[in-house]
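Here is the structure we will look at, set down as structure tokens.
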Amino acid sequence: MAIRKVGVVGCGLMGSGIVQVTAQAGFKVTVVEASDDLLERGLARLGQRLDALVTRGKLEGRARDETLANVGGTTQLEDLKDCDLVVEAMTENQALKNETFAKLDRICPPHAILASNTSSCNVTAMAAATGRPALVIGTHFFNPVPLMKLVEIVRTILTDDATVKAASEWARAVGKVPVQAKDSTAFIVNRLLVPYLLDAIRVYEGGLASLEDIDQAMKLGCGYPMGPFTLLDLVGLDTAMYVAEVMFEEFREPRYAPPPLLKRMVMAGHLGRKAGRGFYTYAPEAR
């Protein structure tokens, strides 16, 4: 099927990024937020990112204007009634996602693909909440969306081949590289990444080395662009703990259990760069 018009549910950090790359690729996009205030903030974030690209000479002013012209905002899911693809990019709440997919199923045309940007929720459960399970799929982007090339295309046991093909072609059209995964908690990247990050915390808890030396060792010894604690602060410690808890609940393997230090840092509000303090401390302009 041809995807011409795209809907995005949620205009936060991930949602606005998905809107940006989709609109820059020439698709018409309608983005939905829960309130006018959230919508205004999300669209302002999009405009600021595009303005920054123009300032740095990475985007022409005309291209910025064309991108913004491709985007429309609303607070009503019903305004997605003519979309060929809808990507849900809401908070990681399974019940809320299931409810939203059931609503989208009633609103969107019969041919529309319903996709989720989830990193840890059950895509099969979202599909089962609809009357079109063959057209439900996961499209997991990575942060920051405009820069990261990967999209995990997540198929359930109910997803048909045509849906996988259409979603993969759309991902390529917006400048991404799709890889396919089955609907199993954490998919490919987080299944491998999260235990590594949790083990780094355990190594630090055990007193083997300092934060700085562990980060430096993994950067220079493994060629990683950043060390585990810098990455944890960037992702958000609350997000890392949530994903770990979901993985532990699914698999009951000790390597997925959040270490005590991670739990206590989240309790203390030391959530990483966005809070100004995580494993490292950040000046306001660095948040």
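The values are calculated or read from the model by the stated rules, or taken from the named source; none is laboratory data. Nothing here was measured: the structure is a model prediction, and the numbers come from that model. Counting neighbours? That spans all protein chains shown, and the Cβs are built from the backbone with ideal geometry, glycine included.
Things worth noting here:
- Of all the listed residues (Leu80, Leu59, Leu38), the sole one being in contact with a Ser or Thr (Cβ under 7 Å, 6 or more places away or on another chain) and in the same structural domain as Ile137 (by TED's automatic domain parsing) is Leu80.
- Complete set of residues in the stretch 189-237 that are more than 29 Å from Val177 (Cβ to Cβ), of a type in the set (A, V, I, L, M, F, W, C) and not in a helix (DSSP H, G or I): Leu208, Ala209
- Residue pairs whose Cβ atoms lie under 7 Å apart, separated by 6 or more positions or on different chains, with the first residue in the stretch 45-73 and farther than 19 Å from Gly15 by Cα and the second surrounded by 15 or more Cβ atoms within 10 Å (Cβ to Cβ), are Val54/Arg64; Leu59/Leu50; Leu59/Leu53; Gly61/Val54.
- Residue match in the stretch 128-144 (condition: part of a helix (DSSP H, G or I) and aromatic (Phe, Trp, Tyr)): no
- Test result for Val177, in contact (Cβ under 8 Å) with a residue 24 or more places away in the chain and crowded, with 20+ Cβ neighbours inside 10 Å: no
- Residues that are more than 20 Å from the chain's Cα centre (by Cα), over 18 Å from Ile137 (Cα atoms) and surrounded by 13 or more Cβ atoms within 10 Å (Cβ to Cβ) do occur in the stretch 80-101.
- Residues of the stretch 241-287 satisfying the condition of being touching a residue at least 40 places away in the same chain (Cβ under 8 Å) and under 21 Å from Val123 (Cβ atoms): Tyr242, Val243, Ala244, Val246, Met247, Glu250, Phe251, Tyr256
- Residue check for Gly10: surrounded by fewer than 17 Cβ atoms within 10 Å (Cβ to Cβ) and on the phi > 0 side of the Ramachandran plot: no
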